[in-house]
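The values are calculated or read from the model by the stated rules, or taken from the named source; none is laboratory data. Because the structure is predicted, anything quoted here is derived from the model rather than measured. Don't worry about glycine lacking a Cβ; one is built from the backbone with ideal geometry, like all the others, and counts go over all protein chains shown.
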Number of protein chains: 2
Amino acid sequence: MKFESVTIKDIAKVLHLSTSTVSRALRDSYEISEETKKLVVDYAKSVNYRPNPSALNLKKRRSRTLGITISEIANSFFSQIIAGVESVAKEKGYNVIISQTFENFEREQEAVRNLSQSVDGMLISLSSETKSLEHIEELQQRGMPIVFFDRIAKNLEGHKVRSNNHKGAFDATEHLIHNGYKRIAFIGNPDNLAIIKERKRGYDEALEFHQIPHREDYVKYCQHGGLSYEEVEMVMQDLLSLDEPPQAILSCADKITTNCYRYLYKHHIKIPDQMALIGFSNLDLTEFLNPSLSIIQQKAVTMGTQATELLIQQIESKRPVVDYSEIVLEPDFFARDSSKGH
Amino acid sequence: MKFESVTIKDIAKVLHLSTSTVSRALRDSYEISEETKKLVVDYAKSVNYRPNPSALNLKKRRSRTLGITISEIANSFFSQIIAGVESVAKEKGYNVIISQTFENFEREQEAVRNLSQSVDGMLISLSSETKSLEHIEELQQRGMPIVFFDRIAKNLEGHKVRSNNHKGAFDATEHLIHNGYKRIAFIGNPDNLAIIKERKRGYDEALEFHQIPHREDYVKYCQHGGLSYEEVEMVMQDLLSLDEPPQAILSCADKITTNCYRYLYKHHIKIPDQMALIGFSNLDLTEFLNPSLSIIQQKAVTMGTQATELLIQQIESKRPVVDYSEIVLEPDFFARDSSKGH
DNA sequence: AATAAACTTGCAATCGATAGCGCATTAGTT
DNA sequence: AACTAATGCGCTATCGATTGCAAGTTTATT
């Protein structure tokens with residue numbers, strides 16, 4: 001069963017004109033008489049003519065499609081970003097194709113390579129397991145506009161939109177310290193991600209600033225970004241079986257935060273009395289949780305819109321872009337009960 | 001700045017072959033000698049050749065792209081559906097383009113018409129404000145495969161995947177009744193949506209079954225699907241200003257449920273003592289809310305995968321499909337504190 | 001009236017890939 | 001040796017739309 005649609009040829013035949021005349025009439029060329037234009041335009045409207053995008057793409061050598069690579073859609077942070085991306089894209093006449101990496105490097109390579117032929121530009125947030133950037137560099141060298149967001153590539157050129165991760169983590173850690181916590185654990189995605197390095201640095205510096213000794217066994221990385229509950233469960237067990245377990249946790253990813261909360265809840269570990277928790281999260285209902293969850297919230301929608309605007313700007317720029325911007329968005333901090341002092 | 005990619009022509013030139021030979025070699029045609037094939041395939045791999053999708057689409061008259069129309073991505077129910085859709089689509093070699101309607105009829109018409117030229121088939125969940133189905137019927141008549149999910153179109157043909165909405169609402173209402181509530185309000189999207197009609201029927205029949213008088217002023221519809229807090233706020237104020245306000249609420253959409261919860265929380269109305277709440281929701285953390293939220297949860301990911309499988313099946317079917325399936329998924333019910341007896 | 005200028009419109013090539021058909025060249029048959 | 005069959009490859013039209021150029025028609029100019 002195939003979808004039959006009206007082509008310029010059909011219109012030409014009916015109106016006894018050539019396809020070139022029809023084409024020119026539809027794009028309101030000065031070469032065509034008003035009379036003919038009206039005839040063509042009216043008829044085209046009556047049969048609901050829409051140009052075939054593939055033919056157009058082929059001819060114009062562009063697809064008016066954007067590719068976005070993220071770890072997972074079913075994650076409030078990323079779905080908010082997508083909402084932002086979609087809104088700007090639609091407004092400027094672009095479609096969006098989403099690729100999920102599920103934090104896997106091979107999937108990311110595949111996604112990027114696949115997308116490369118179908119899109120005019122890409123929005124990329126690296127996966128947790130990404131070790132090499134060759135697949136991205138290669139495309140860039142061939143002229144593919146790429147904007148990095150959230151999990152940016154430090155060593156590659158290109159527009160970048162990210163949060164102030166250092167500040168987010170520093171403030172959260174300091175907040176815990178102010179509330180009397182000294183034994184503070186850090187759980188994040190792997191630190192080959194620049195954002196995690198940044199957050200770790202914020203955490204480290206806050207400890208240092210308040211002269212709290214740094215303990216290596218309080219620092220944990222989830223290789224798969226905490227996508228599965230089990231991964232976080234193992235980390236938590238590690239932490240809790242220490243001689244001197246931490247009293248508070250700083251979690252550095254939406255999924256990890258959620259799964260930490262879930263773990264503590266499941267094991268009847270009182271938050272914050274037995275374990276305080278504060279985490280990066282863009283979930284909607286954190287304030288209504290029991291106890292309410294302290295979070296560092298990123299400006300996800302804004303990140304999506306800004307990145308998309310930069311990307312489209314780069315795609316449509318006549319001359320190669322050499323001057324790249326790096327937009328830094330300030331995260332919002334919400335201190336709530338899960339990190340209350342004791 | 002445009003992206004330059006290798007074409008079959010480039011390969012042909014380098015290897016001193018014709019484009020047709022290259023093409024045939026790449027698709028492993030019997031007409032080409034093993035020797036030549038190897039030459040071509042190896043070279044193609046070395047330059048990272050990928051066929052131009054637009055050219056392929058044009059030639060094959062298909063795009064290997066699916067369109068999906070939903071109200072909003074940043075909604076856990078729909079983002080879970082998308083996750084399901086994407087997984088099946090990727091596996092079968094299809095891309096997915098998402099269109100958001102934000103519950104608006106005009107946007108839906110636009111989305112459907114726009115998509116019509118770029119996709120091989122569509123997955124549609126109607127918007128709350130959809131009154132007419134002409135835009136969809138028109139496409140169907142021209143042969144566009146369309147699968148309806150969640151908010152299906154009762155009067156149109158096509159594969160359908162939905163939840164057992166009647167049962168979900170009936171069980172939830174009955175649960176409230178068993179817990180001693182008699183004055184139960186119903187809040188839903190507009191009832192031009194079949195799923196809302198069904199849920200309303202479940203609600204009605206549960207009341208009837210337990211011989212509880214039905215009150216028209218306890219039934220409220222949010223025209224915009226509760227997308228904005230203000231919309232739900234107004235409904236809540238209406239309900240609470242009644243002489244005899246309800247003691248419990250059955251909410252029929254993710255967003256409405258969340259916003260009801262938010263309203264009650266904000267106005268310090270104790271759940272469930274002053275107002276019980278139970279709602280359709282696919283949020284992740286409802287069990288950890290304070291109080292934990294009773295929900296009717298839909299099998300969102302499954303809905304996405306099943307709908308996509310049906311769609312691809314229909315797209316790839318040689319003969320026109322005449323026998324349409326309607327898959328009904330049973331919702332899961334979680335009784336928690338927000339609907340506890342009093 | 002003759003020629004130039006201004007309008008309109010059509011022809012044909014093009015974008016990248018595919019496939020029907022035909023043409024060599026080589027192998028096989030009698 | 002002569003003819004058929006098989007193999008390997010190239011030419012060309014095609015998908016739908018665009019666009020440079022040519023050509024035809026009408027109107028304006030002298």
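Only one of the listed residues (B:Glu108, B:Glu137, B:Glu129) is modelled with pLDDT of 90 or more, of a type in the set (Asp, Glu) and surrounded by fewer than 22 Cβ atoms within 10 Å (Cβ to Cβ). That residue is B:Glu137.
Which of the residues belonging to the stretch A:1-20 are of a type outside the set (Gly, Ala, Ser) and more than 8 Å from DNA strand D (Cβ to nearest atom)? Matches in the stretch A:1-20: A:Met1, A:Lys2, A:Phe3, A:Glu4, A:Lys13, A:Val14, A:Leu15, A:His16, A:Leu17. Among the residues of the stretch A:83-96, those that are among the aliphatic types (A, V, I, L, M) and more than 13 Å from B:Ser76 (Cα to Cα) comprise A:Val85, A:Val88, A:Ala89, A:Val96.
In the stretch B:35-56, what residues are closer than 20 Å to A:Asp120 by Cβ, surrounded by fewer than 23 Cβ atoms within 10 Å (Cβ to Cβ) and not hydrophobic (A, V, I, L, M, F, W, C)? Selection gives B:Asn48, B:Tyr49, B:Arg50, B:Pro51, B:Asn52, B:Pro53. State yes or no: is B:Ile212 touching a residue at least 60 places away in the same chain (Cβ under 8 Å) and among the aliphatic types (A, V, I, L, M)? No: the conditions fail for B:Ile212. The set of residues in the stretch B:265-288 that are under 22 Å from B:Ile196 (Cβ atoms) and touching a strand residue (DSSP E or B) at 6+ places or on another chain (Cβ under 7 Å) comprises B:Met275, B:Ala276, B:Leu277, B:Ile278, B:Gly279, B:Phe280, B:Ser281, B:Asn282, B:Thr286. Of the residues making up the stretch A:55-81, those that are under 15 Å from B:Phe77 (Cα atoms) and either polar (S, T, N, Q) or at the interface with chain B (Cβ under 8 Å from one of its Cβ atoms) (or both) are A:Glu72, A:Ile73, A:Ala74, A:Asn75, A:Ser76, A:Ser79, A:Gln80.
Could you list all residues from the stretch B:153-165 that are assigned to a loop (DSSP other than H, G, I, E, B) and buried (at least 21 other Cβ atoms within 10 Å of the Cβ)? Across the stretch B:153-165, the qualifying residues are B:Gly158, B:His159.
Filter the stretch A:33-54 down to the residues that are basic (Lys, Arg) and under 40 Å from the mean Cα position of the chain (by Cα), then identify the one that is farthest from the other protein chains (Cβ to nearest Cβ). Here the answer is A:Lys45. Anything in the stretch B:166-184 that is aromatic (Phe, Trp, Tyr) and not in a loop (DSSP other than H, G, I, E, B)? List them, or say none. Result: B:Phe170, single match. The number of residues in the stretch A:185-209 that are farther than 30 Å from A:Thr308 by Cα, touching a residue at least 24 places away in the same chain (Cβ under 8 Å) and surrounded by fewer than 24 Cβ atoms within 10 Å (Cβ to Cβ) comes to 4. Quick check on my filter: what residues within the stretch B:257-281 are within 13 Å of chain A (Cβ to nearest Cβ) and of a type in the set (Lys, Arg)? B:Arg262, B:Lys266, listed by residue number. Within the stretch A:263-295, track down each residue that is hydrophobic (A, V, I, L, M, F, W, C), in a helix (DSSP H, G or I) and closer than 27 Å to B:Ser228 by Cβ. Scanning the stretch A:263-295 gives a single hit, A:Phe288.
A quick yes/no check of all residues on (1) within 14 Å of chain B (Cβ to nearest Cβ); (2) near DNA strand C (Cβ under 9 Å from one of its atoms); (3) surrounded by 15 or more Cβ atoms within 10 Å (Cβ to Cβ); (4) without any contact (Cβ under 8 Å) to a residue 40 or more places away in the chain:
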site	(1), (2), (3), (4)
A:Glu4	yes, no, no, yes
A:Val14	no, no, no, yes
A:Thr19	no, yes, no, yes
A:Ser23	no, yes, yes, yes
A:Asp28	no, no, no, yes
A:Glu31	no, yes, no, yes
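Among the residues of the stretch A:325-342, those identified as out of contact with any strand residue (DSSP E or B) (no Cβ under 7 Å at 6 or more places or on another chain) and assigned to a loop (DSSP other than H, G, I, E, B) are A:Ser325, A:Glu330, A:Lys340, A:Gly341, A:His342. Kindly indicate whether any position in the stretch B:172-181 is in contact with a strand residue (DSSP E or B) (Cβ under 6 Å, 6 or more places away or on another chain) and over 25 Å from B:Asn259 (Cα atoms). Scanning the stretch B:172-181 turns up no residue that is in contact with a strand residue (DSSP E or B) (Cβ under 6 Å, 6 or more places away or on another chain) and over 25 Å from B:Asn259 (Cα atoms). Quick check: is even one residue across the stretch B:71-89 on the phi > 0 side of the Ramachandran plot, under 31 Å from the mean Cα position of the chain (by Cα) and either away from DNA strand C (no atom under 16 Å from the Cβ) or not hydrophobic (A, V, I, L, M, F, W, C) (or both)? No, every residue in the stretch B:71-89 fails to be on the phi > 0 side of the Ramachandran plot, under 31 Å from the mean Cα position of the chain (by Cα) and either away from DNA strand C (no atom under 16 Å from the Cβ) or not hydrophobic (A, V, I, L, M, F, W, C) (or both).
Taking the stretch A:223-240 as the range and being more than 20 Å from A:Arg183 (Cα to Cα) and either of a type outside the set (S, T, N, Q) or touching a residue at least 60 places away in the same chain (Cβ under 8 Å) (or both) as the test, the residues that pass are A:Gln223, A:His224, A:Gly225, A:Gly226, A:Leu227, A:Tyr229, A:Glu230, A:Glu231. Can you tell me which residue within the stretch B:99-145, out of those that are more than 10 Å from chain A (Cβ to nearest Cβ) and among the hydroxyl-bearing types (Ser, Thr, Tyr), is nearest to A:Leu56 (Cα to Cα)? The residue in question is B:Thr101. Scanning the stretch A:309-339 for residues that are more than 14 Å from chain B (Cβ to nearest Cβ) and of a type outside the set (Gly, Ala, Ser) gives A:Glu309, A:Glu326, A:Ile327, A:Val328, A:Leu329, A:Glu330, A:Pro331, A:Asp332, A:Phe333, A:Phe334.
What pairs can you find where one residue is in the stretch B:282-297 and at the interface with chain A (Cβ under 7 Å from one of its Cβ atoms) and of a type in the set (Phe, Trp, Tyr), the other is outside any loop (DSSP other than H, G, I, E, B) and buried (at least 20 other Cβ atoms within 10 Å of the Cβ), and their Cβ atoms are less than 7 Å apart, with a gap of 6+ or different chains? The qualifying pairs are B:Phe288/A:Tyr261; B:Phe288/A:Leu289.
Residues of the stretch A:33-45 that are part of a helix (DSSP H, G or I) and near DNA strand C (Cβ under 7 Å from one of its atoms): A:Glu34, A:Glu35, A:Thr36. The one condition from (1) more than 12 Å from DNA strand D (Cβ to nearest atom); (2) out of contact with any Leu (no Cβ under 7 Å at 6 or more places or on another chain); (3) not in a helix (DSSP H, G or I) that B:Tyr30 does not meet is (1).
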